[in-house]
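The values are calculated or read from the model by the stated rules, or taken from the named source; none is laboratory data. Note that this is a predicted model, so its numbers are computed, not measured. Please note: Cβ atoms are built from the backbone with ideal geometry, for glycine as well, and neighbour counts cover all protein chains shown.
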Amino acid sequence: MTTETITAAASGTWTLGDMTVNRIGFGAMRVPQDGPALQAGSLSSDRARAIAVLRRAVELGVNHIDTAAFYFSPLRSANELIRSALGGPYPDDLVIATKVGPHRAPSGEWSEHARTPRELRGQVEENLRQLGRDHLDLVNLRVNGTDSVSDRFGALAELREAGLIRHLGVSNVTPEQLAEARAVAPVVCVQNMYGIGVRPEQDRFVRFCGEQGIAFVPFFSIAASGAEGGAGSAESEQLLAVARAHGASTAQVRLAWTLHRGPHMLAIPGTGNPAHLEANVAAGALRLTEEDLARLDTLHHTGS
């Protein structure tokens with residue numbers, strides 16, 4: 001498929017709370033470094049190229065960017081790059097979503113998740129400072145494990161009441177944890193790992209979120225089992241056949257399949273490559289047939 005002049009508007013829109021976004025967004029995890037993300041010792045990206053990719057994303061109609069203070073390499077921070085590229089001033093319609101909970105030392109090593117109200121407030125304030133904002137549009141509580149989330153989500157709800165956060169979401173959660181969070185404060189999105197062949201047991205959860213008007217924001221929908229390391233080179237014949245039929249890449253088909261799971265699905269593919277960015281955005285215009293979807297759904301339940 002051609003990528004010329006295709007913008008994020010082709011993917012349609014969804015409303016996060018009171019914020020309307022195009023359904024193809026951008027994940028900033030990969031912009032601070034080259035190679036595998038979120039690993040100690042990762043090589044830092046070229047700063048000018050990273051800033052150019054972010055600006056190009058907005059030019060292409062992307063108005064939903066996902067980031068976190070723990071997205072950094074030795075010389076680069078995703079939040080700082082976003083601020084430098086887009087914060088002078090930020091576009092009025094740009095929604096920046098961030099995550100709190102996980103913590104990395106300056107060396108890049110992971111440490112214990114923030115659990116106390118004080119620790120969570122510190123992470124919110126760190127994101128505010130790095131992004132140069134007086135409030136955060138959307139904060140996702142990233143959860144590790146199956147522990148109760150009520151207290152931590154309650155701490156974020158207090159910051160929302162104080163005006164530091166506009167909307168709240170949850171990440172890496174079970175349906176039970178979502179229910180806990182919703183008992184505390186409104187939840188506008190769930191951000192979980194999901195894609196063709198990846199966690200098909202999430203299908204029911206995906207449908208439930210749609211029924212409740214909650215956005216589902218899948219991460220690693222292109223990388224699949226490659227996760228932080230990125231997509232692998234081997235693809236199934238079923239996926240390749242659908243891609244050939246549309247003159248598209250397998251990455252574009254993976255993104256399109258994700259969007260076809262429901263109008264509440266918001267894709268956030270990330271890249272530091274300008275050509276990959278344009279191809280990802282163009283995937284929002286790819287319309288899969290019923291036959292395509294049936295083939296891919298079979299693949300989804302039998303392996304990626």
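Give 267, 282 a once-over and let me know the one that is modelled with pLDDT of 95 or more, in contact with a Gly (Cβ under 7 Å, 6 or more places away or on another chain) and not basic (Lys, Arg).
Going through 267, 282 in turn, just one is modelled with pLDDT of 95 or more, in contact with a Gly (Cβ under 7 Å, 6 or more places away or on another chain) and not basic (Lys, Arg): 267.
Of the residues that sit in segment 1-17 and are at pLDDT below 95 and over 14 Å from residue 60 (Cα atoms), which one is surrounded by the fewest Cβ atoms within 10 Å (Cβ to Cβ)?
Step by step, filter segment 1-17, then rank; the result is 2.
Can you name the residue in segment 231-266 that is hydroxyl-bearing (Ser, Thr, Tyr) and assigned to a loop (DSSP other than H, G, I, E, B) and is also nearest to residue 279 (Cα to Cα) among such residues?
This residue is 249.
Using the structure shown, decide if residue 51 is over 13 Å from the mean Cα position of the chain (by Cα) and hydrophobic (A, V, I, L, M, F, W, C).
Considered against the rule, which asks whether it is over 13 Å from the mean Cα position of the chain (by Cα) and hydrophobic (A, V, I, L, M, F, W, C), residue 51 comes out as yes.
Output the residues belonging to segment 99-127 that are of a type in the set (S, T, N, Q) and either touching a helix residue (DSSP H, G or I) at 6+ places or on another chain (Cβ under 8 Å) or more than 17 Å from residue 140 (Cα to Cα) (or both).
107, 111, 116, 127 - these are the residues of segment 99-127 that are of a type in the set (S, T, N, Q) and either touching a helix residue (DSSP H, G or I) at 6+ places or on another chain (Cβ under 8 Å) or more than 17 Å from residue 140 (Cα to Cα) (or both).
Residue check, residue 92 against (1) within 21 Å of residue 44 (Cβ to Cβ); (2) more than 19 Å from the chain's Cα centre (by Cα); (3) not aliphatic (A, V, I, L, M), all met but one. Which one?
Unmet for residue 92, out of (1) within 21 Å of residue 44 (Cβ to Cβ); (2) more than 19 Å from the chain's Cα centre (by Cα); (3) not aliphatic (A, V, I, L, M): (1).
Give 215, 243 a once-over and let me know the one that is crowded, with 23+ Cβ neighbours inside 10 Å and either of a type in the set (A, V, I, L, M, F, W, C) or modelled with pLDDT of 95 or more (or both).
None of the other options fit; the residue is 215.
Can you name every residue in segment 37-91 that is in contact with a helix residue (DSSP H, G or I) (Cβ under 8 Å, 6 or more places away or on another chain), over 20 Å from residue 125 (Cα atoms) and not in a loop (DSSP other than H, G, I, E, B)?
47, 49, 50, 51, 52, 53, 54, 55, 56, 57, 58, 85
Could you list, in sequence order, all residues of segment 150-200 that are of a type outside the set (Gly, Ala, Ser), surrounded by 22 or more Cβ atoms within 10 Å (Cβ to Cβ), in contact with a Lys or Arg (Cβ under 8 Å, 6 or more places away or on another chain) and in contact (Cβ under 8 Å) with a residue 40 or more places away in the chain?
Selection gives 152, 191, 196.
Exactly one of (1) in contact with a Ser or Thr (Cβ under 7 Å, 6 or more places away or on another chain); (2) surrounded by fewer than 22 Cβ atoms within 10 Å (Cβ to Cβ); (3) closer than 30 Å to residue 118 by Cβ is unmet by residue 68. Its number?
Of everything listed in (1) in contact with a Ser or Thr (Cβ under 7 Å, 6 or more places away or on another chain); (2) surrounded by fewer than 22 Cβ atoms within 10 Å (Cβ to Cβ); (3) closer than 30 Å to residue 118 by Cβ, residue 68 misses just condition (2).
Would a scan of segment 25-35 turn up a residue that is modelled with pLDDT of 95 or more, outside any loop (DSSP other than H, G, I, E, B) and either closer than 28 Å to residue 121 by Cβ or out of contact with any Lys or Arg (no Cβ under 6 Å at 6 or more places or on another chain) (or both)?
yes
Return the residues of segment 112-123 that are surrounded by 11 or more Cβ atoms within 10 Å (Cβ to Cβ) and not in a loop (DSSP other than H, G, I, E, B); say none if nothing qualifies.
Of everything in segment 112-123, those that are surrounded by 11 or more Cβ atoms within 10 Å (Cβ to Cβ) and not in a loop (DSSP other than H, G, I, E, B) turn out to be 117, 119, 120, 121, 122, 123.
How do the pairs read when you match residues in segment 115-126 that are farther than 15 Å from residue 79 by Cα with residues anywhere that are part of a loop (DSSP other than H, G, I, E, B) and small (Gly, Ala, Ser), using Cβ under 8 Å and keeping only pairs 6 or more apart or on different chains?
Close Cβ pairs (under 8 Å, with a partner that is part of a loop (DSSP other than H, G, I, E, B) and small (Gly, Ala, Ser)) amount to 120/101; 120/114; 122/114.
What is the residue count in segment 196-214 for residues that are touching a helix residue (DSSP H, G or I) at 6+ places or on another chain (Cβ under 6 Å) and on the phi < 0 side of the Ramachandran plot?
So the count comes out to 4.
Scanning segment 36-59 for residues that are of a type outside the set (Lys, Arg), surrounded by fewer than 17 Cβ atoms within 10 Å (Cβ to Cβ) and at pLDDT 95 or above, which turns out farthest from residue 70 (Cα to Cα)?
Per the stated criteria, the residue is 59.
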